[in-house]
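Notes follow the structure.
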């Protein structure tokens, strides 16, 4: 990332695994990263700690920054995102020039029961939240736009080192909805997308963070099972084949080449990092 123009100072709100990965890229490129979270112990060298709990008013002014990224999970409090985002706004000395709010493609869950062929959903399609979590995410998106004029990013199915739910499913042989339509993004590529949004002179206001290969869940678990030399998990009953298919066309305009354009590349690396050797032929690289 040498020579890339990154914000001089970025406030990362809710700086967990994703924030640490993307923030390290910003730090290595010469930027400052201020990590706001409840527990600031264990932050890497180069990150500036900002201890705060946004469920309560912040008792001091936050640092002045040019950019801000918000990666908060849906709050388990009355009012959802409204309270923490307003507390955040009240503690800022001034609005950052650019703010990115990380939501989720869960806001499209109402489309999941469509029969094949399913529509390919783009950023122009209206969300259809069903559950409380999806509605909270959608409310958070609007609050972030109202308070910070935020860019909204909706990642799908984040996976990567330490995000091993699918690996555990295969190892335990639990039934899987093989025909379910799924979308995903490797954590490393999501971090790259967020950094690109901070750098871009004219970024989109809404972006689906997805890879290049929507796939049936059965394809994914079959690939993992082959790499682990384990039986493929059985199909769930019933297995109606629901789920969504999301377009990554707008993401390609921002970041054309992903390190992991499909689940094969991504899970091969996850397994390699976990000390498992894939079958001969190695990982499928972009």
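The values are calculated or read from the model by the stated rules, or taken from the named source; none is laboratory data. Here the structure is a predicted model, which is why all the values come from computation and not from measurement. Because the Cβ atoms are built from the backbone with ideal geometry, glycine has one as well, and the counts that use them run over all protein chains shown.
Within the bounds of the range 228-250, is there any residue that is at pLDDT 95 or above, touching a strand residue (DSSP E or B) at 6+ places or on another chain (Cβ under 7 Å) and under 11 Å from residue 185 (Cβ atoms)? Yes, because at least one residue in the range 228-250 is at pLDDT 95 or above, touching a strand residue (DSSP E or B) at 6+ places or on another chain (Cβ under 7 Å) and under 11 Å from residue 185 (Cβ atoms). Scanning the range 160-178 for residues that are under 7 Å from residue 221 (Cβ atoms) and not in a helix (DSSP H, G or I) yields one hit, 176. Which members of the range 147-159 meet the condition of being in a strand (DSSP E or B) and surrounded by 21 or more Cβ atoms within 10 Å (Cβ to Cβ)? 151, 152, 153, 154, 155, 159 - these are the residues of the range 147-159 that are in a strand (DSSP E or B) and surrounded by 21 or more Cβ atoms within 10 Å (Cβ to Cβ). For the range 66-118, residues that are out of contact with any strand residue (DSSP E or B) (no Cβ under 7 Å at 6 or more places or on another chain), within 23 Å of residue 180 (Cα to Cα) and not in a helix (DSSP H, G or I) total 5.
Does residue 41 satisfy the condition of being free of Cβ contacts under 8 Å to residues at least 12 places away in the same chain, surrounded by fewer than 21 Cβ atoms within 10 Å (Cβ to Cβ) and out of contact with any strand residue (DSSP E or B) (no Cβ under 7 Å at 6 or more places or on another chain)?
Working: free of Cβ contacts under 8 Å to residues at least 12 places away in the same chain: yes; surrounded by fewer than 21 Cβ atoms within 10 Å (Cβ to Cβ): yes; out of contact with any strand residue (DSSP E or B) (no Cβ under 7 Å at 6 or more places or on another chain): yes.
Answer is yes for this residue.
Considering 245, 232, 221, the condition of being surrounded by fewer than 18 Cβ atoms within 10 Å (Cβ to Cβ) and over 16 Å from the mean Cα position of the chain (by Cα) is satisfied by 232 alone.
In the range 239-264, the residues that are under 14 Å from residue 207 (Cβ atoms) form Cβ pairs under 7 Å with partners that are at pLDDT below 95 and assigned to a loop (DSSP other than H, G, I, E, B), at six or more places apart or across chains, as follows: 258/286.
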